[in-house]
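Take a look at the structure set out below.
The values are calculated or read from the model by the stated rules, or taken from the named source; none is laboratory data. All figures in this text were calculated on a predicted structure; none of them were measured in a lab. With ideal geometry, Cβ positions are generated from the backbone for all residues, glycine too; neighbour counts draw on all protein chains shown.
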Amino acid sequence: MHMEQNTLISTNCSAEKSLSKPLSTHHPQLPRKLYIENYGCQMNFSDSEIVASIMAQQGFVFTNQHHEADLILINTCAIRDKAEQTIRNRLLVFNQQKISQPDLIVGILGCMAERLKTQLLEEEKVVDLVAGPDAYRDLPRLISQVDQGYKAVNTFLSKEETYADIAPIRLHSSGVTAFISIMRGCNNMCSFCIVPFTRGRERSRDPYSIVQEAKKLFEAGYKEITLLGQNVDSYSWHPSVASATDPLSNKANDQVIHFSQLLAMVAEIDPTLRVRFSTSHPKDMTDAVLYTMKRYPNICKHIHLPVQSGNSRILALMNRTYDRAWYLERIQAIRTILGPFCAISSDMIAGFCSETEAEHHDTLSLMDEVQYDFSFMFYYSQRPGTLAARKYPDDVPETVKKRRLSEIIAKQRAHALMHNQKSIDQVHQVLIEKRSKKSEAFLQGRTSQNKIVVFPKENYTIGHYVDVHITNCNAATLFGTVVA
Ligand code: SAH
Ligand code: SF4
Ligand code: F3S
């Protein structure tokens with residue numbers, strides 16, 4: 001993977017030097033207003049909180065109204081073509097805004113920025129600034145370039161950047177749950193996936209900085225931490241790899257730390273702090289992680305273990321490096337070590353290159369064997385530059401992909417409903433996260449198994465644990481009442 005060689009290192013685009021944008025007329029005494037819009041996965045969400053922190057240091061204040069903003073940053077996703085089309089449609093809206101507000105700055109961050117680089121400036125005239133996932137420390141300089149009338153790009157991918165020393169500003173937070181990125185990038189080369197190209201090489205963050213961040217959140221009243229990475233099971237940190245960007249690294253301790261140890265370190269902060277993690281890769285998920293989950297009641301009993309396909313030939317084409325039997329053995333390990341009450345969820349892709357009807361049925365039969373609690377399900381979208389795009393024709397017709405996907409979704413819905421029905425008459429501990437979306441008179445939270453539970457508000461408060469007797473459900477939600 002030679003992605004670094006293709007990227008621009010923090011350049012002005014000289015072709016754009018024609019001062020196409022008026023110099024900023026912003027009054028220097030007034031703080032400038034920043035609006036951030038977020039797309040894609042939890043990692044992007046977590047990155048936006050780092051960006052917010054960097055921009056706050058520059059004196060920007062936040063607004064949740066893009067009409068009020070001096071600077072709009074869109075943190076983008078490139079995982080499927082549809083994700084990129086959504087961003088392009090959104091840019092039409094900001095283009096309109098720019099007509100009446102010519103010194104508005106529009107910046108594209110994240111995976112679409114990394115994938116398209118300067119091409120974005122050529123194709124989307126409204127865009128002033130393009131910054132990839134490892135370039136956020138450079139945002140102040142990029143913005144000052146734009147203030148001087150230039151367009152600005154930095155899509156350099158780093159081998160070290162983990163933003164470990166930047167305290168994220170929690171955006172849209174209820175003050176109960178928070179994400180912490182424990183690693184960046186991905187070294188797997190799943191043939192369908194754009195992430196290794198947009199996020200670069202895998203690197204793990206200093207565990208002591210992770211524990212510090214989790215402790216601070218707990219002291220501020222947070223009750224749940226989700227540790228994030230594209231492949232958390234390959235988390236590995238050795239003091240000798242601590243970089244200059246990791247000033248919090250504790251070089252005195254010379255031991256390699258793997259994910260199971262990190263998980264225990266975070267779980268030990270306090271028994272009332274819930275710990276979750278995502279995503280686990282079937283080839284790397286160790287029994288050590290499962291035993292750590294068993295040892296700590298505050299590590300939530302839910303594993304997201306994306307299978308992608310139930311057919312071994314397709315899994316090989318996808319370069320997932322496990323087959324159906326390996327995957328089912330990992331499911332068995334979860335059941336053996338953690339028992340039947342650990343929820344398991346998955347991601348599935350319908351209609352990957354050359355997938356036959358029989359191979360699609362292998363995905364359905366695997367679903368019957370595992371009986372996932374929930375899943376994220378997609379049909380295959382070819383991504384330029386990936387191994388699959390270069391090697392395998394995207395030959396399953398869209399109508400077939402969509403039909404297969406709908407069969408997968410229907411099966412998943414049936415399994416989710418079955419699991420939820422089993423919860424009826426049980427009592428589950430729920431961490432209260434927010435008001436129910438549907439009614440002011442109800443609160444909602446999640447069980448350890450990551451099931452959403454809705455119950456009457458009465459006098460209960462957000463951020464507390466309650467025991468809820470489940471009385472009803474649908475495929476997505478459990479309903480119940482708090483027991484004394
Ligand atoms: N790191 C995680 C997944 C990250 S992407 C893992 O390895 O499981 C989230 C999900 O998007 C993937 O699990 C996959 O199901 C889906 N996905 C990725 N690329 C895709 C593509 N080209 N078309 C359709 N779905 C895709
Ligand atoms: Fe993509 Fe595979 Fe890495 Fe997940 S593990 S981010 S699917 S390349
Ligand atoms: Fe996430 Fe989308 Fe990038 S899923 S890693 S934001 S391509």
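Cβ-Cβ contacts under 6 Å between residues 6 or more apart (or on different chains), taken from a first residue in region 308-322 that is within 16 Å of ligand 3 (Cβ to nearest atom) to a second residue that is among the hydrophobic types (A, V, I, L, M, F, W, C), are listed as GLN308/MET318; GLN308/ILE349. Against the conditions (1) without any contact (Cβ under 8 Å) to a residue 40 or more places away in the chain; (2) surrounded by 17 or more Cβ atoms within 10 Å (Cβ to Cβ); (3) under 20 Å from GLY40 (Cα atoms); (4) more than 16 Å from ligand 1 (Cβ to nearest atom), SER173 satisfies every one except (2). Check ALA333, ALA343 and return the single one that is touching a residue at least 40 places away in the same chain (Cβ under 8 Å) and under 20 Å from the mean Cα position of the chain (by Cα). Sole residue among the options that is touching a residue at least 40 places away in the same chain (Cβ under 8 Å) and under 20 Å from the mean Cα position of the chain (by Cα): ALA343.
Return the residue satisfying two criteria in turn: it lies in region 88-117 and is β-branched (Val, Ile, Thr) and buried (at least 21 other Cβ atoms within 10 Å of the Cβ), and of such residues it is nearest to THR198 (Cα to Cα). My answer is ILE108.
The lone criterion from (1) at pLDDT 95 or above; (2) more than 30 Å from THR356 (Cβ to Cβ) left unmet by GLU440 is number (1). Do the conditions hold for VAL427, that is, is it crowded, with 20+ Cβ neighbours inside 10 Å, at pLDDT 95 or above and of a type in the set (A, V, I, L, M, F, W, C)? Criteria not met by VAL427. You will find that of LEU228, LEU217, the residue that is within 16 Å of ligand 1 (Cβ to nearest atom), modelled with pLDDT of 95 or more, of a type outside the set (Asp, Glu) and within 25 Å of ILE462 (Cα to Cα) is LEU228 and no other. Looking at region 169-189, can you tell me whether even one residue there is within 15 Å of ligand 3 (Cβ to nearest atom), aromatic (Phe, Trp, Tyr) and not in a helix (DSSP H, G or I)? Yes, some residue in region 169-189 is within 15 Å of ligand 3 (Cβ to nearest atom), aromatic (Phe, Trp, Tyr) and not in a helix (DSSP H, G or I).
Yes or no, residue by residue, for (1) more than 27 Å from the chain's Cα centre (by Cα); (2) crowded, with 17+ Cβ neighbours inside 10 Å; (3) under 15 Å from VAL176 (Cα atoms); (4) not assigned by TED's automatic domain parsing to the domain that holds ILE409:
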position	(1), (2), (3), (4)
LYS434	no, no, yes, yes
ARG446	no, yes, yes, yes
PHE455	yes, yes, no, yes
ASN474	no, no, no, yes
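Could you go through region 240-252 and let me know if any residue there is more than 17 Å from the chain's Cα centre (by Cα), modelled with pLDDT of 95 or more and not charged (D, E, K, R). No, there is no match, as no residue in region 240-252 is more than 17 Å from the chain's Cα centre (by Cα), modelled with pLDDT of 95 or more and not charged (D, E, K, R).
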